[in-house]
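The values are calculated or read from the model by the stated rules, or taken from the named source; none is laboratory data. On a predicted model such as this, the values are computed, not experimentally measured, just so you know. Reconstructed Cβ throughout: ideal geometry from the backbone, glycine too, with neighbour counts over all protein chains shown. For the accessible areas, the whole protein counts, side chains as well, though only heavy atoms, and no ligand, DNA or RNA atoms are used. Shrake-Rupley method; radii C 1.70, N 1.55, O 1.52, S 1.80 Å.
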Amino acid sequence: MCVEDRISNFPDHIRCHILSFLPIKAAVRTSIISTKWRYLFASISTIKFDGYLMSGLTERNLDSFKNFVDRLLKFPDQVSLDCFRLNDIISWNDEDHNFDVSDWICAALCRGVKEIDLDLENLWDILPALLFTCHSLVTLKLDAVGSEIKVPSDVCLGNLKTLQLRNSVLFGDSIHRLISNCHVLEDLAFIECGFDNISEVNIQSPSLKRLVLEFDVTEGRYFNFVVVINAPNLVYFQYHAAVAASYTLSTMKSLEKADISIYQFDSINSETSATHLIQGICNVRSLSLTIDEVVSKLSI
């Protein structure tokens with residue numbers, strides 16, 4: 001009984017879309033189906049690599065893998081990329097492997113990538129400056145695993161709508177410089193982030209609708225900077241952190257939901273500061289509030 005191969009008769013763009021849902025190994029393996037499939041994987045718009053893929057490689061074929069990625073990202077006549085994701089379980093860029101991760105990121109950027117998701121150790125050492133001036137980027141997610149991120153002075157991400165930084169150390173006025181140059185930013189998250197040489201966390205964005213702040217504060221260390229939020233169109237606000245030295249919040253008339261979890265290790269002005277935070281979101285329609293015993297006596 002002959003079974004008709006209907007999928008192979010689909011247009012190339014439909015088959016590419018199907019391949020984008022497969023792990024990269026499976027997508028490449030389709031090249032043996034027929035001549036119609038031979039190079040189709042090179043035109044997929046979503047490219048994802050992770051440590052699971054690396055775990056199946058031997059020392060002998062690491063170079064082959066590196067060359068494969070280079071060809072995949074720089075293949076002639078490529079379509080633009082929707083997503084480039086690199087998740088690290090074992091290091092992609094150590095003394096044994098020495099992959100050109102920075103070049104891979106640049107190649108994705110040159111292909112007009114819309115989303116970049118990087119989970120890497122020593123991220124700042126390999127982030128190309130081009131990442132901060134890419135006009136095609138709509139979503140940027142960086143998990144820097146404790147790396148320090150210094151935003152260049154010429155940053156400009158004019159089409160970025162979603163920015164998520166996780167496990168990062170932000171230096172100086174990097175936050176303000178980055179956000180002020182993302183003119184259509186709607187979704188912003190700082191998760192388990194720390195700060196260095198900073199006096200205030202300054203977030204000013206008229207386009208912002210969703211804000212998540214989960215600050216990493218070492219126990220016993222005073223949370224001694226000011227939090228400034230000027231986001232009049234904010235709809236959702238999440239704040240999980242110690243009480244800051246003070247808060248300056250603009251009126252949030254559009255705020256629908258807030259999730260606040262505050263704690264303080266040892267601060268004289270914690271009650272006053274925490275009260276100012278809650279007062280700053282008094283227009284919220286739905287509030288989830290968790291506080292510890294140190295700041296539990298709030299008068300609002």
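Suppose we filter region 128-157 for residues that are part of a loop (DSSP other than H, G, I, E, B) and over 13 Å from the mean Cα position of the chain (by Cα); how many remain?
14
Output the number of the condition that LEU208 fails; it satisfies all remaining conditions of (1) surrounded by fewer than 19 Cβ atoms within 10 Å (Cβ to Cβ); (2) aliphatic (A, V, I, L, M); (3) within 21 Å of SER288 (Cβ to Cβ).
Failed condition: (1).
Take region 260-283 and flag every residue that is buried (at least 16 other Cβ atoms within 10 Å of the Cβ), out of contact with any helix residue (DSSP H, G or I) (no Cβ under 6 Å at 6 or more places or on another chain) and not in a helix (DSSP H, G or I).
Within region 260-283, ILE260, TYR263, PHE265, SER267, GLY280, ILE281 meet the criteria.
How many residues are open to solvent by less than 70 Å² (accessible area, probe 1.4 Å) and either modelled with pLDDT of 85 or more or part of a loop (DSSP other than H, G, I, E, B) (or both) when one looks only at region 73-90?
10
In region 135-176, which residue that is hydroxyl-bearing (Ser, Thr, Tyr) and buried (at least 17 other Cβ atoms within 10 Å of the Cβ) is farthest from ILE198 (Cα to Cα)?
So the residue we want is SER136.
Test each condition in (1) part of a loop (DSSP other than H, G, I, E, B); (2) open to solvent by less than 40 Å² (accessible area, probe 1.4 Å) for ALA241 and report the one that comes out false.
Tallying (1) part of a loop (DSSP other than H, G, I, E, B); (2) open to solvent by less than 40 Å² (accessible area, probe 1.4 Å), ALA241 fails exactly one: (1).
Kindly list the number of the only condition in (1) touching a Pro at 6+ places or on another chain (Cβ under 8 Å); (2) surrounded by 19 or more Cβ atoms within 10 Å (Cβ to Cβ); (3) closer than 25 Å to ASN67 by Cβ that fails for PHE132.
(3)
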